[in-house]
Amino acid sequence: MGKQQSEAETQTTTSSNTSPATFKLVGFNNFIRTNPNSDHFIVKRFHHIEFWCGDATNTCRRFSWGLGMPIIAKSDLSTGNSVHASYLIRSAHLNFVFTAPYSPSTTTSSASATIPTFSAPTFHLFAAKHGLGVRAIAIEVADAEAAFVASVAHGARACSGPVQLGDGVWLAEVELYGDVVLRFVSFDSPKEDGLFLPGFEVVDGAASFRDLDYGIRRIDHAVGNVPELGPVVEYIKGFTGFHEFAEFTAEDVGTLESGLNSVVLANNDEMVLLPLNEPVYGTKRKSQIQTYLEHNEGAGVQHLALVSEDIFRTLREMRKRSCIGGFEFMPTPPPTYYKNLKNRVGDVLSDEQIKECEELGILVDKDDQGTLLQIFTKPVGDRPTIFIEIIQRVGCMLKNDAGQIYQKGGCGGFGKGNFSELFKSIEEYEKTLEAKQITGSAAA
C-alpha cells in the first residue's frame, strides 16, 4: 500500500479552485468543459450504495423486486452478526446494501459489526432525522488508506480511518455532505470469486429472487441536495481533486414556478459523477430542493441514476410491478412533448422507439455528444425525498488502450432539456399532496 499511497500523494492538482466566497456559476451556455485529470488518489468506479433503514429485510426485498436485482449476500444473525442486519442486492456492477441495527440489549460487548463503521447510536440519529436514506456512497479506489490520507490532507473531515476487513479488503470513510459519507474500498488482491465484503455469506434458494434481471447494470451518478452549493462544491473538489463536469443555473433548468442550481463533479475518467443541487428562491412555488431539505432535515442524497442496457425492457418490467410491491413513476409528460420528440431526436430514435417512449413515459434529451433516455420514480419512502432514476445513454463510444470499446461517462448530459418537464411533474405531485393536507385539515 505504501507505493500506491506515494503515487496518490504526488499527483498534482491542476484545477483552479476558488474560495466559497467567490464561487459563481456561469450557466450551461458559458460553461467550458475541461478535464485537468486532477484526482488526488486513484479512483476506479462506484462500488456500492448503502441505505440505512428501519427494516433491512423488507426494504431489501422491495428494491430487489422493484429493480430486478437478486439478493446475493447477507450478514445477519444467521451469519453470526448480532450488531446489524445487512443484505446485498446486485445486478451486474450495481450493488445496493440495506442495513438496520439489532437491539443493543441483545448485543454482547465482544460482538463486532461486519461493516466496522456501523454505529447503532449514529444510525438511530440518522433514521430519526432522515427516515430511509443513503448513508454511504462507496467508491472503489486503488488504495483506501492512500485515498483517506490524501483526502484528509486536502481538507476532508475524517469519519473512520482505514480498517482492514480481512482477505486484503480495506475500508475508510470521510464526510461528504449532511450525514452522508464517502466510503473508500480497496482490495490488495481482488479475487474472482469475491462475494462482496468479508463477513457476508451467499443467500441461496427462492428467497433470493435469483432469476430477477430487468437489465439494470450500474450506477451512473449519485445526486446530492445541499442548502448552498459553493462551500460543498469547493470542499469536495478540494479533498478529492475532482473537476467540474457540468453546471446548470435556474435559468437553464427551472420552470416559472420553481428551480435549482446544479454542479456535476467528476473523477479523472468521468465515470464517478456526483451532481449537487441547491434551491433557488423568489419563485412562485418553493423549490423542490428546498422541499427535500425540509423533509430530509438537511442535505442528503436526492436520487440515484441507474444505467439500463435496454431501458424499454427495464421499464416494461418495472411498470408491471408498480402496484404490486415495486416503484411508481412520476406523471408522464403531455402528448405535445412526444409530438416534438421526432424533431429533436428523430436521427437517433426510430418512430417505433419514440412511440414506446410515450407509452412508457420515458424522457429523451441530447447534447453535443450523445443522447439520454431517462425516467424518474416517485419518492421511494414515506417522505418526499429520495427517488430512483433509470437511464440509458446512446453514443460516445470510444476505444481504450487495450482495444476495448466503452462509453464515455456522462454521454448525452443530464437531461437539461427535460428538467422543466421533471419539475412540472414534481410540482403537480406536490400539489396533490398539498390538496390532501388541506382536505385533511378541513375535515379535522
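The values are calculated or read from the model by the stated rules, or taken from the named source; none is laboratory data. Remember, predicted model here, so these are calculated numbers, not experimental data. Heads up, the Cβs are rebuilt from the backbone with ideal geometry, glycines too, and the neighbour counts pull from every protein chain shown. What goes into the accessible areas is simple: the full protein's heavy atoms, side chains included, and nothing from ligands, DNA or RNA. Shrake-Rupley method; radii C 1.70, N 1.55, O 1.52, S 1.80 Å.
Restrict the check to segment 39-57 and report whether at least one residue is of a type in the set (Lys, Arg) and more than 24 Å from Ala206 (Cβ to Cβ). Yes, segment 39-57 has at least one match.
Residues in segment 270-283: is at least one closer than 30 Å to Lys44 by Cβ and of a type in the set (Ser, Thr, Tyr)? Within segment 270-283, none of the residues are closer than 30 Å to Lys44 by Cβ and of a type in the set (Ser, Thr, Tyr).
Out of (1) modelled with pLDDT of 95 or more; (2) surrounded by fewer than 22 Cβ atoms within 10 Å (Cβ to Cβ); (3) assigned to a loop (DSSP other than H, G, I, E, B); (4) among the β-branched types (Val, Ile, Thr), what's the single condition that is false for Thr385? Only one criterion is unmet by Thr385, namely (2).
Scanning segment 75-117 for residues being over 22 Å from the mean Cα position of the chain (by Cα), open to solvent by 10 Å² or more (accessible area, probe 1.4 Å) and not hydrophobic (A, V, I, L, M, F, W, C) gives a total of 18. For the criterion of being more than 24 Å from Gly381 (Cβ to Cβ) and touching a residue at least 12 places away in the same chain (Cβ under 8 Å), Ala138 fails. Entry remark, segment 230-283: residues being open to solvent by 20 Å² or more (accessible area, probe 1.4 Å) and at positive phi number 1 in total. For the residues Ala250, Ala207, Ala246, the requirement of being over 12 Å from Leu176 (Cα atoms) and free of Cβ contacts under 8 Å to residues at least 40 places away in the same chain singles out Ala250.
Of all residues in segment 237-248, at least one satisfies being more than 30 Å from Ala142 (Cβ to Cβ) and part of a strand (DSSP E or B).
Just to verify a result, which residue in segment 138-148, among those that are farther than 22 Å from Phe126 by Cβ and crowded, with 22+ Cβ neighbours inside 10 Å, is nearest to the chain's Cα centre (by Cα)? Of everything passing the filter in segment 138-148, Val141 is nearest to the chain's Cα centre (by Cα).
Which residue pairs have Cβ atoms under 7 Å apart, sit 6 or more places apart or on different chains, and have a first residue in segment 368-380 that is more than 24 Å from Gly131 (Cβ to Cβ) and a second that is open to solvent by less than 10 Å² (accessible area, probe 1.4 Å) and among the polar types (S, T, N, Q)? Going by the 7 Å Cβ cut-off, the qualifying pairs are Gln374/Asn418.
Restricting the first member to segment 92-119 and to residues that are modelled with pLDDT under 90, and the second to residues that are outside any loop (DSSP other than H, G, I, E, B) and open to solvent by less than 50 Å² (accessible area, probe 1.4 Å), the beta-carbon pairs closer than 6 Å and six or more apart or on different chains are Pro104/Ala120.
Which members of segment 12-48 meet the condition of being touching a helix residue (DSSP H, G or I) at 6+ places or on another chain (Cβ under 8 Å), assigned to a loop (DSSP other than H, G, I, E, B) and at pLDDT below 65? Passing the criteria: Ser15, Asn17, Thr18, Ser19.
Which ones in segment 354-379 are of a type in the set (S, T, N, Q) and open to solvent by less than 30 Å² (accessible area, probe 1.4 Å)? Give the derivation first.
If we filter segment 354-379 for residues that are of a type in the set (S, T, N, Q), which is where we start, we get 369, 371, 374, 377.
Matches in segment 354-379: Thr371, Gln374, Thr377.
Of Gly230, Gly282, Gly298, which residue is touching a Gly at 6+ places or on another chain (Cβ under 7 Å) and either among the hydrophobic types (A, V, I, L, M, F, W, C) or over 27 Å from Thr371 (Cα atoms) (or both)?
Just one listed residue meets the conditions, Gly298.
Candidates are the residues of segment 284-332 that are over 26 Å from His130 (Cα atoms) and at pLDDT below 95; the one that is least open to solvent (accessible area, probe 1.4 Å) is Thr332. Listed here are the strands (runs of 3 or more DSSP E) enclosed by segment 154-226 that have at least 2 residues being open to solvent by 20 Å² or more (accessible area, probe 1.4 Å) and among the basic types (Lys, Arg): 216-225.
Among the residues of segment 333-345, not one is at pLDDT 90 or above and surrounded by fewer than 16 Cβ atoms within 10 Å (Cβ to Cβ). The condition (being farther than 30 Å from Phe312 by Cβ and of a type in the set (Asp, Glu)) is satisfied by just one residue among Asp211, Asp220, Asp204: Asp204. A residue that is part of a strand (DSSP E or B), small (Gly, Ala, Ser) and open to solvent by 20 Å² or more (accessible area, probe 1.4 Å) occurs somewhere in segment 388-409. Here Glu294 meets each of (1) touching a residue at least 12 places away in the same chain (Cβ under 8 Å); (2) out of contact with any strand residue (DSSP E or B) (no Cβ under 7 Å at 6 or more places or on another chain); (3) part of a helix (DSSP H, G or I); (4) of a type outside the set (Gly, Ala, Ser) with one exception, condition (1).
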